[in-house]
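Pasting a structure here, questions to come.
Any read-out appearing in this document is the output of simple, stated calculations on the displayed coordinates, not a laboratory observation. Just so you know, these numbers come straight off a predicted model, no measurement behind them. All Cβ positions, even for glycine, are placed from backbone atoms using ideal geometry, and neighbour counts span all protein chains on display.
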Amino acid sequence: MNNSGVIPVGGRVLIKPDVIDEFSEGGILIPEEHRQAHQRAQMSGILVDVGPDAWMHTTTIVKRLMDGQLKVVEERTTGYSKPFAKIGDRISFEPWVGRNFDGEDGEQYRMLNDEDITGTVSDKVDFTEMRSRAPLGNQGDRDVRARLRA
């Protein structure tokens, strides 16, 4: 349900991006500025609403002036065989696309073009770059450590 106070128009879609947790998997507090930067770059979320022209065919007509008249030199139709997703689906989208904003309900949303959606994803897929990483010395790969010392 769209409680954002914003209704997408044209080929726009409204997404509620997945939220970056305050703590890492290991229990370390993630500084607010880093968490917010990664939140802006988030690449997955729930499809909340779609504009009336989302997933529709578009025809581009190229005209050129020839012999004093505008003539059609190219006509190209792009479109989609079916919608990419339905409201309520968890989707992936290109990083850094769209416009982030806080809705009336205080939640974060992102408005983007329908063609920026890259797929539907299960809840088990993690698109965040905020992952716990083992220190280099604890990875157990002696060859890697030996190469770094050389």
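On a straight-distance basis, which lysines could pair with Lys71 in a cross-link, Cα separation under 19 angstrom, same-chain partners fewer than 8 positions away excluded?
Straight-line reach from Lys71, under 19 Å: Lys63.
I want to check the label-to-label distance for Val19 and Glu75. Put each point 7 Å from Cα in the C-beta direction and report it in nm to one decimal.
Computed distance between label sites Val19 and Glu75 equals 5.1 nm.
Note down the nm distance, to one decimal, between modelled labels 7 Å out along Cα→Cβ at Thr120 and at Lys63.
In this crude spin-label approximation the distance works out to 4.1 nm.
For the range 2-88, compute the orientation-averaged projected area of the C-alpha convex hull (one quarter of its surface), in nm².
10.0
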